[in-house]
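K.L.:
This structure is in structure tokens; I'll ask about it shortly.
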Amino acid sequence: HTKNNGRNGYTFFQPSMNMQAQSQLQLNNDLWHALDNNELRLFYQPKYCAPRGPILGFEALLRWEHPARGLLTPDHFLPMAEKTGMIVSIGNWVINEACRQLRQWHLQGHPHWSVAVNLSSLQFEQSNLVETVTEALAKHEIPPELLTLEVTETTAMRDPDESVRILTELTKLGVKASIDDFGTGYSSLLYLKRLPASELKIDRAFVNELQHHSEDATIVSAIVALAQSLQLKVVAEGVETAEQQAFLTGLGCNTLQGYLLGKPIPPERISELDNFVGTQENELKTELHTVN
Ligand code: C2E
Ligand code: MG
Ligand code: MG
Ligand code: MG
């Protein structure tokens, strides 16, 4: 097991600990250090109006520039941050940083771009989330409708009544809510109708298999139809091929996201994306090297 002494005390190894416990503890200590020493980064993946533009906004995706291990994706450290609760501090940092970046884009002449932030279930359940969001919007002078909060279908359906309550409070601020990884959880359609979300994101697992499995094409069509009947926007994530792009556009899917259109990139490289709109090939699709 791992011990979490919280923010004030880094924990020291006990000789009796096994290797796995030690490396978890090391990771935990390193992550607190990362938060304090600005090693966390947000990369941004463009969301395109189907089929290929204009850019509507970006999803903020967390990265850790680890001094020894290189750039780490969330699967390397978020599960542990969830377990220890550190995700709440990290998540608050993410909300603030995304708003700061949005303000920058505003000042640089992109007043219509939006930003989407992923919320972990623990963060979603924090009683001060509304306060955190309110403060971040005010501090960076962000029109609330330009901020989208993504919660997964699984998180949203864990305690549906509670989710309706939380999302109602959040959307009263004017921010938008999006149901992420849709299709992988177990939605009650009754609650889906009641959730004040404005968008469904089709999980990339279904998009991936569109051309290979007719069931996936059927599921995707059904999700798009469901979203349309509930008057929700529908975003497809993980679009990697021109065939997927054409199929989704044909169904009436409004927004596309995926490596075909743009990988998550650091904000300083976003200006390069403009030239990409409307073309097929590009050199920009390479995400910074990920070292494990
Ligand atoms: P997600 O929110 O569903 O984000 C989509 C993931 O799919 C991202 O992985 C993205 O890089 C990847 N992706 C996008 N397009 C494609 C594609 O065309 N092909 C493939 N193969 N992958 C694609 P990433 O950045 O590793 O993030 C993984 C998950 O970590 C996210 O899934 C989200 O659940 C979580 N996450 C990321 N950033 C944050 C954050 O700031 N806070 C929280 N709580 N969770 C985060
Ligand atoms: Mg997401
Ligand atoms: Mg997703
Ligand atoms: Mg996902």
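K.L.:
I'd like the carbon and sulfur percentage of the solvent accessible area for region 42-190, probe radius 1.4 Å, heavy atoms only, ligands and nucleic acids excluded.
P.N.:
After summing per-atom areas, the C and S share lands at 53 percent.
K.L.:
Please compute the length gained on full extension between Leu173 and Gln26, using 0.36 nm multiplied by the number of residues separating them and subtracting their Cα-Cα distance.
P.N.:
Full extension of this stretch gives 49.0 nm more.
K.L.:
Pop the C-beta distance of Ala68 and Ser89 into the FRET formula with R0 = 25 Å and round what comes out to the nearest 0.05.
P.N.:
Using R0 = 25 Å, I get an efficiency of 0.65.
K.L.:
Any idea of the accessible area per residue across region 94-167, 1.4 Å probe, to the nearest Å²?
P.N.:
In whole numbers, region 94-167 has 43 Å² accessible per residue.
K.L.:
When the solvent-accessible surface of protein heavy atoms is calculated with a 1.4 angstrom probe, in what order do Cys99, Cys49 fall, highest first?
P.N.:
Cys49, Cys99
K.L.:
Using a 1.4 Å probe on the protein heavy atoms only, what accessible surface does Phe58 show? Give it in Å² to the nearest 10.
P.N.:
0
K.L.:
Once you place label points 7 Å from the Cα toward the Cβ at Asn38 and Gln104, how far apart are they in nm?
P.N.:
Going by the 7 Å Cα→Cβ label model, 1.1 nm.
K.L.:
Can you classify region 120-184 as rounded, prolate or oblate using the Cα gyration tensor, where a ≥ b ≥ c are the square roots of its eigenvalues, rounded means a/c under 1.5, and otherwise it's prolate if a/b beats b/c and oblate if not?
P.N.:
Prolate, since a/c reaches 1.5 and a/b exceeds b/c.
K.L.:
Trypsin sites (Lys or Arg not before Pro), restricted to region 39-119: which are DSSP loop and have at most 15 other Cβ atoms within 10 Å?
P.N.:
When the trypsin sites (Lys or Arg not before Pro) of region 39-119 are filtered for loop state and at most 15 Cβ neighbours within 10 Å, Arg69 remain.
K.L.:
Okay, moving on. Testing the spin-label approximation: label points 7 Å from Cα along Cα→Cβ at His212 and Tyr259. State their distance in nm.
P.N.:
Going from the His212 label point to the Tyr259 one covers 1.3 nm.
K.L.:
Here's a follow-up. Give or take rounding to whole Å, what are the principal axis extents of the alpha carbon atoms in the chain, in descending order?
P.N.:
60, 46, 43
K.L.:
Stretch Thr132-Thr184 to full length: gain in nm at 0.36 nm per residue minus the Cα-Cα span?
P.N.:
Here the answer is 15.9 nm.
K.L.:
Using 27 Å as the Cα-Cα cut-off, could you pick out the over-long pairs in Lys47/Lys193; Lys139/Lys193; Lys193/Lys263?
P.N.:
Lys139/Lys193; Lys193/Lys263
K.L.:
Could you work out how far helix 86-107 tilts from the main Cα principal axis of the chain, as a 0 to 90 degree angle to the nearest 10?
P.N.:
Computed tilt is about 50 degrees.
K.L.:
Starting from the Cα of Ser121, move 7 Å in the Cα-to-Cβ direction to define the label point; list residues of region 153-193 whose amide nitrogen is under 12 Å from there.
P.N.:
Hits in region 153-193 for Ser121 at 12 Å: 153-160, 185-186.
K.L.:
Helix 214-229 against the longest principal axis of the chain: what's the angle in degrees, Cα atoms only, rounded to the nearest 10?
P.N.:
Here the helix axis deviates by roughly 80 degrees.
K.L.:
Can you give the angle from 0 to 90° between the axis of helix 129-139 and the longest principal axis of the chain, with both taken from C-alpha atoms, to the nearest 10?
P.N.:
80
K.L.:
Further question: With +1 on the Cβ of every Lys and Arg and -1 on the Cβ of every Asp and Glu, and nothing else charged, how large is the dipole of the chain about its Cα centre, in debye rounded to the nearest 20?
P.N.:
The calculated dipole for the chain is roughly 420 debye.
The values are calculated or read from the model by the stated rules, or taken from the named source; none is laboratory data. Quantities reported herein were computed from a predicted structural model and do not represent experimental measurements. Positions of Cβ are backbone-derived with ideal geometry, glycine not excepted, and every protein chain shown enters the neighbour counts. Note: areas computed on protein heavy atoms with side chains; ligands, DNA, RNA excluded. Shrake-Rupley method; radii C 1.70, N 1.55, O 1.52, S 1.80 Å.
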